[in-house]
Structure formats: structure tokens, C-alpha cells
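Student: Right, I'll just put the structure down here and ask away after.
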């Protein structure tokens, strides 16, 4: 990276991320306002890029000659699950397939969500459909949700996962892991991984990250990095012992889950800037 592409973190504060901000500032420049972004910077917009991603990128380019780390096109690609999990999607074979039309889906259990977001914490009734007939009922409830209805709804086959516990509304707490990736000239570099369910740290000791999980993550990252620069892959172990990709997310808006913050920001700086000279 040239001196004209120095990274800076544009951080939106809240009570849940206050500790992360302090750690980030030990490794990279951190600012609170877009007017503080240095000229020619590459901006990592931690929790700060929505709801107007393209407008923010345009403003940074026009006023600061800076840019967000993911282009608007890359961000839109990540946000549309059909791009990576639809018929012929980039992760075909590594993730359950997504459908935007469900009139002819076979009998079985499904999950229903927006193209980007879900109501997983309202699992019974607003995400999980135990039968094909129940899909329509879940969809009707989500059409009344302005955030999800604006995204458009998708349906994915429900795949039983290794379950470690149960959350509110029957939400399965599974052997699921979050991984962060950054595209480099050599491919995709992993910035860190950790147990997904930060809301259930008591179950972390029972979770297992395996060599098969790592192999699937690497294969998925190699495919996704052709379409995005900074991204997250969430992977989980199925009940029959396979590993699959659950979600692809923009790395800027994804919480760390139980990824070690200091290690993550150290690795992010090194991959962006190179090792100290």
C-alpha cells in the first residue's frame, strides 16, 4: 500500500463497541467524523457506513479524495444473498441455496430472512418454518417488518447444525464461527476467527474449530475475494459433521463476536500496511 492509501478507521460509537474502539486506536488511526478523515485514506467504516453507503463513499471521494475499503458495488454484492447463495451463486456447494420464489420448493423445513438481515432472535415465528406450508406464514409476518420487506425476502433450506444450547424463542446456539478476511494481491488473508455466539460465552469452551472448517473457509474466501475486499464468512458444523457457510457479510458492519480484538486489529494493520520496517 502506498503512502497515499493509508488506512483509517471511521468508528461509530455505542455502548457495545466502546472497548473495541480503544483497542483499534492502539493499532490504526481512528476518527469519529468523516470531516476528520485524512486525504487519500482508505476508510474502514466500523459500524458507520449505513444506511447511506454509496452517499458516504461519494462524499469521501469528493471532499477527502478518500474511499471506503469496499466499493459500493462490492458492498451491494455482499448484501444480496442471492449473489453468493442463489442458483449458480459463487458459494454453490458450500452453502444452503437461497430462493426468492418459494411456490415450488419441496417439502421440508426452511429459514426465511431478508436478503441481508434476519430476525434470528425471533427464531420461532419470524425465521424458522418447520414445514413448506409454514413458509407462507413466516413470510407474511416478515412482510410487515419494514427493514426486511424493503430488502426482499429469501428462503433457504434448514440444515440441522451441531447444537450447543438454546436461546430465546427456541434459537439454536450452534457450533458456529465468525471469520474475517481481506483481499490481497496473493488472494484472501484471514484476519481472525472466533466463536460466533458472543451472547453465550459460557458455551465457547464446547465449540470446536477444525481443519475441515479451515479448509472450507479458505475455499469460500478464495471465491468471495473475487467480488469483495473486506468481508466476513460465518461457518457452522452440520449435525452430520460437514462444515458450511452460513452468511457472508461486509467486514465493516460485522461485530467481532468472540474474535480477539487486539489480534484482529494487529493483523488488519499488518495486512494493509505491511510489517514494520
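Student: In the range 101-117, which residues are surrounded by 19 or more Cβ atoms within 10 Å (Cβ to Cβ) and out of contact with any helix residue (DSSP H, G or I) (no Cβ under 6 Å at 6 or more places or on another chain)?
Tutor: Within the range 101-117, 111, 113 qualify.
Student: State whether the residues of the range 80-88 include one that is under 28 Å from residue 20 (Cβ atoms), out of contact with any helix residue (DSSP H, G or I) (no Cβ under 6 Å at 6 or more places or on another chain) and surrounded by fewer than 21 Cβ atoms within 10 Å (Cβ to Cβ). Quick ask: steps written out before the conclusion?
Tutor: Going residue by residue through the range 80-88, those that are under 28 Å from residue 20 (Cβ atoms) are 80-81, 84.
Pick out the ones that are also out of contact with any helix residue (DSSP H, G or I) (no Cβ under 6 Å at 6 or more places or on another chain) and you get 80-81, 84.
Imposing the further condition that a residue be surrounded by fewer than 21 Cβ atoms within 10 Å (Cβ to Cβ) reduces the set to 80.
For the range 80-88, residues under 28 Å from residue 20 (Cβ atoms), out of contact with any helix residue (DSSP H, G or I) (no Cβ under 6 Å at 6 or more places or on another chain) and surrounded by fewer than 21 Cβ atoms within 10 Å (Cβ to Cβ): present.
Student: Could I ask something else about it? Every residue in the range 91-100 that is surrounded by fewer than 19 Cβ atoms within 10 Å (Cβ to Cβ) and either over 12 Å from residue 156 (Cα atoms) or modelled with pLDDT under 90 (or both), please.
Tutor: Across the range 91-100, the qualifying residues are 92, 93.
Student: Of the residues 191, 168, 164, 182, which single one is over 30 Å from residue 104 (Cα atoms), modelled with pLDDT of 95 or more and over 20 Å from the mean Cα position of the chain (by Cα)?
Tutor: 164
Student: Say whether the condition of being over 22 Å from residue 262 (Cα atoms), crowded, with 17+ Cβ neighbours inside 10 Å and in contact with a strand residue (DSSP E or B) (Cβ under 6 Å, 6 or more places away or on another chain) is met by at least one residue in the range 46-58.
Tutor: Taking every residue of the range 46-58 in turn, at least one turns out to be over 22 Å from residue 262 (Cα atoms), crowded, with 17+ Cβ neighbours inside 10 Å and in contact with a strand residue (DSSP E or B) (Cβ under 6 Å, 6 or more places away or on another chain).
Student: What are the residues in the range 160-182 that are farther than 15 Å from residue 236 by Cα and in contact with a helix residue (DSSP H, G or I) (Cβ under 9 Å, 6 or more places away or on another chain), if any?
Tutor: Our first condition is that a residue be farther than 15 Å from residue 236 by Cα; within the range 160-182, this holds for 166-170, 181-182.
Answer for the range 160-182, where residues must be farther than 15 Å from residue 236 by Cα and in contact with a helix residue (DSSP H, G or I) (Cβ under 9 Å, 6 or more places away or on another chain): 167, 168, 169, 170, 181, 182.
Student: Scanning for something within 19 Å of the chain's Cα centre (by Cα), modelled with pLDDT of 95 or more and closer than 26 Å to residue 246 by Cβ, does the range 54-69 turn up at least one residue?
Tutor: yes
Here's the yes/no breakdown for (1) under 21 Å from residue 258 (Cα atoms); (2) at pLDDT 95 or above; (3) assigned to a helix (DSSP H, G or I):
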| residue | (1), (2), (3) |
| --- | --- |
| 122 | no, no, yes |
| 141 | no, no, yes |
| 154 | no, no, no |
| 205 | yes, yes, yes |
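Student: Quick one: residue 132 ticks every box in (1) surrounded by 13 or more Cβ atoms within 10 Å (Cβ to Cβ); (2) in contact (Cβ under 8 Å) with a residue 40 or more places away in the chain except a single one, so which number is it?
Tutor: (2)
Student: Across the range 216-234, what is the number of residues that are touching a strand residue (DSSP E or B) at 6+ places or on another chain (Cβ under 8 Å) and either farther than 14 Å from residue 185 by Cα or not in a loop (DSSP other than H, G, I, E, B) (or both)?
Tutor: Selection size over the range 216-234: 12.
The values are calculated or read from the model by the stated rules, or taken from the named source; none is laboratory data. Owing to the predicted nature of the structure, the values given are computational and were not obtained by experimental measurement. Note that each Cβ is placed from the backbone with ideal geometry, even for glycine, and that neighbours are counted across all protein chains shown.
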